[in-house]
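For reference, the structure is listed below as structure tokens.
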Amino acid sequence: MKRLRFLPPALLLLLGLLLFTAQTPKPMPLEQTLREYRWKKRVLLVAAPTAEQADFKTQKALLNAEKAGMTARDFVVLEVLYNQLSATDQQFLTKKIGVSPPQFAAVLIGKDGGVKEKSSRPIPPTDLFGTVDKMPMRQAEMRKK
């Protein structure tokens, strides 16, 4: 252990960064993330160029005001920022989900994994809940409760 004390500080810093990088998990691909939620959660995918985009901020604020309704309907919100996506995720988003960067998009994905609604504007929670509450799976959930 005495030998480490004599290593140059720059080398110690490099070793520390390498250890940190090796322990930082890579984010799961978007397609796999959606697959993990299938049959468990409804997904509202909120996509924008950056977190500072106006519609992105508006959608987040609208949803934050309706947390109880989101929880009651088994929602998870996935925030997708185009500038942080891999090429594979960008291709999946465009070809499979039908979202075209750099435009804002809010996409409702049902528990079955299908796209139920797409909007280029923030979706008010009342509209979102109205759409979900008409679905047969949601109606069955409400009858069980």
### Selected residue (only one of LYS116, LYS96 is surrounded by 11 or more Cβ atoms within 10 Å (Cβ to Cβ), basic (Lys, Arg) and either in contact with a strand residue (DSSP E or B) (Cβ under 6 Å, 6 or more places away or on another chain) or on the phi > 0 side of the Ramachandran plot (or both))
LYS116
### Summary
The correct count of residues that are at pLDDT 60 or above, surrounded by fewer than 10 Cβ atoms within 10 Å (Cβ to Cβ) and of a type outside the set (D, E, K, R) in the stretch 7-38 is 1
## Note on the structure
Matching residues in the stretch 103-145 (of a type in the set (A, V, I, L, M) and within 16 Å of the chain's Cα centre (by Cα)) number 7
### Task
Mind listing whichever residues of the stretch 88-118 are touching a Leu at 6+ places or on another chain (Cβ under 7 Å) and among the small types (Gly, Ala, Ser)?
ALA106, GLY113
### Message
If I ask for residues that are free of Cβ contacts under 8 Å to residues at least 40 places away in the same chain and surrounded by 13 or more Cβ atoms within 10 Å (Cβ to Cβ), which ones from the stretch 47-74 would you list?
### Response
LYS57, LYS60, ALA72
### Summary
THR131: passes all of (1) of a type outside the set (Gly, Ala, Ser); (2) without any contact (Cβ under 8 Å) to a residue 12 or more places away in the chain; (3) over 21 Å from GLU31 (Cα atoms) but (2)
### Query
Do we find that GLU79 is of a type in the set (Asp, Glu) and under 19 Å from SER119 (Cβ atoms) in this structure?
yes
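The values are calculated or read from the model by the stated rules, or taken from the named source; none is laboratory data. Because the structure is a prediction, the values reported are computed rather than measured. Cβ atoms come from the backbone with ideal geometry, glycine included; neighbour counts cover every protein chain shown.
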